[in-house]
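**Q** My questions will all concern the structure given below.
The values are calculated or read from the model by the stated rules, or taken from the named source; none is laboratory data. Quick caveat, the model's predicted, so the values are computed rather than measured. A quick note on method: Cβ atoms are made from the backbone with ideal geometry, for glycine too, and the neighbour counts reach across all protein chains shown.
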Amino acid sequence: MVKAVADVVHLGAVGMDGQWVLDRLVCLGVDVAAIEQLDCPSGLGIINVAADGENAITPFQGANVALGLDRIQAVLGGIPAQDWLVLQNETLHQRTAAALKVTRPGTADAIPDLVEVMAPND
């Protein structure tokens, strides 16, 4: 989205081991002010690929699930109606965050029934 000249704000969490991720996102033009650096390891996914191309992803959720709902509510409360809310499925509160945006008048909409584009990770 940054390459399409959009202003991108990333809401999430990394561990103390994730400073390099924050630095890289900043270099790419992403606003990282809403990413908390928590006192736990960052989340990661180990992708195993078989010779025939079949894959299996083993997640370690880490900071992805340590981010509190209050922080999510605070950041999402400032999203104007014309903005997009893009969610992924490796955090603890993504369904609640989507519901918050739908039920608050004048804010961005995002719930599975209203998804315009879905790109499953296979």
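**Q** I'm trying to understand the selection: among the residues of the range 24-72, which are small (Gly, Ala, Ser) and either closer than 19 Å to Leu85 by Cβ or surrounded by fewer than 17 Cβ atoms within 10 Å (Cβ to Cβ) (or both)?
**A** Answer for the range 24-72, where residues must be small (Gly, Ala, Ser) and either closer than 19 Å to Leu85 by Cβ or surrounded by fewer than 17 Cβ atoms within 10 Å (Cβ to Cβ) (or both): Gly29, Ala33, Ala34, Gly45, Ala50, Ala51, Gly53, Ala56, Gly68.
**Q** Let me ask something additional. If I filter the range 8-31 for residues that are at pLDDT below 85, of a type outside the set (A, V, I, L, M, F, W, C) and assigned to a helix (DSSP H, G or I), do I get at least one hit?
**A** No, every residue in the range 8-31 fails to be at pLDDT below 85, of a type outside the set (A, V, I, L, M, F, W, C) and assigned to a helix (DSSP H, G or I).
**Q** Any chance the range 27-40 includes a residue that's β-branched (Val, Ile, Thr) and more than 18 Å from Gly68 (Cα to Cα)?
**A** The answer is yes; a qualifying residue exists.
**Q** Here's another thing I want to ask about it. Has the range 58-67 got any residue that is modelled with pLDDT under 85 and among the polar types (S, T, N, Q)?
**A** yes
**Q** Let me spell it out: the conditions are (1) modelled with pLDDT under 60; (2) farther than 27 Å from Val21 by Cα; (3) assigned to a loop (DSSP other than H, G, I, E, B), and Gln82 meets all of them except one. Which number is the exception?
**A** (1)
**Q** Between Leu114, Leu76, Leu38, Leu44, which is at pLDDT below 75 and not polar (S, T, N, Q)?
**A** Going through Leu114, Leu76, Leu38, Leu44 in turn, the sole match is Leu114.
**Q** How many residues does the range 18-54 contain that are β-branched (Val, Ile, Thr) and over 14 Å from the mean Cα position of the chain (by Cα)?
**A** Counting residues in the range 18-54 that are β-branched (Val, Ile, Thr) and over 14 Å from the mean Cα position of the chain (by Cα) gives 4.
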